[in-house]
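Worksheet: one structure, shown below.
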Amino acid sequence: MKLIQTLFILALSLVLAACSGAPSDSDVRAVTSQSEKQMDQQLAPLGLKWSDVFETEVKVKNKAKQDDGRWLVEADTTITAKKDMKELPENAQFTVFSLFGDIKKGQPIGGGAVTTKFYMQKGDNGWMAVR
């Protein structure tokens, strides 16, 4: 009898966890990835792709459901250079320098992790950042 109760409690816990509706950490990273794709479009005329030059690491700190159905997400984002400035195409060096300074491979941009807060909401095509 105890085994059946234990299995029931475990199954109920899993169902409740699945129904919580919170965005997963991978959902948060996917939203960040969408921002990187937008940066790719802006960097394309320079012959650059964000993911070729920078690595973005997102660590979710907190998720809180709001009364209006959105989720307030707090995350630490660290952007690290994958290349030295001199490895970039010459026409892109000035633009990258004006945005980020003289980048060096392995160097965190902006001095390290930046804590950001943003809202997420589930739409027809999955999770998205909203205002």
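Using r as the Cβ-Cβ distance of Leu46 and Gln121, and R0 as 30 Å, what FRET efficiency do you calculate, to the nearest 0.05?
The value I calculate is 0.35.
Annotation: Asp84 carries an accessible surface of approximately 40 Å², with a 1.4 Å probe and no ligand, DNA or RNA atoms counted. Amide hydrogen proximity for Val114: with H placed 1.01 Å from N in the peptide plane, the residues at 5 or more positions away or on another chain lying under 5 Å are Thr77, Thr78. With a simple spin-label model that places each label point 7 Å from the Cα along the Cα-to-Cβ direction, the separation between Ser26 and Glu87 comes to 2.9 nm. With contacts taken as Cα pairs under 8 Å at a separation of at least 6 residues, the range 29-112 carries a relative contact order of 24 percent. Net length available on complete extension from Asp67 to Leu99 is 7.8 nm, with 0.36 nm assigned per residue and the Cα-Cα distance removed. For the range 47-131, the solvent-accessible area with a 1.4 angstrom probe is 65 square angstrom per residue.
The modelled label-to-label distance between Met128 and Gln38, using points 7 Å beyond Cα along the C-beta direction, is 1.1 nm.
The values are calculated or read from the model by the stated rules, or taken from the named source; none is laboratory data. On a predicted model such as this, the values are computed, not experimentally measured, just so you know. Every residue, glycine as well, gets a Cβ built from its backbone with ideal geometry; the counts of neighbours run over all protein chains shown. The area values use the complete protein model at the heavy-atom level, side chains included, leaving out ligands, DNA and RNA. Shrake-Rupley method; radii C 1.70, N 1.55, O 1.52, S 1.80 Å.
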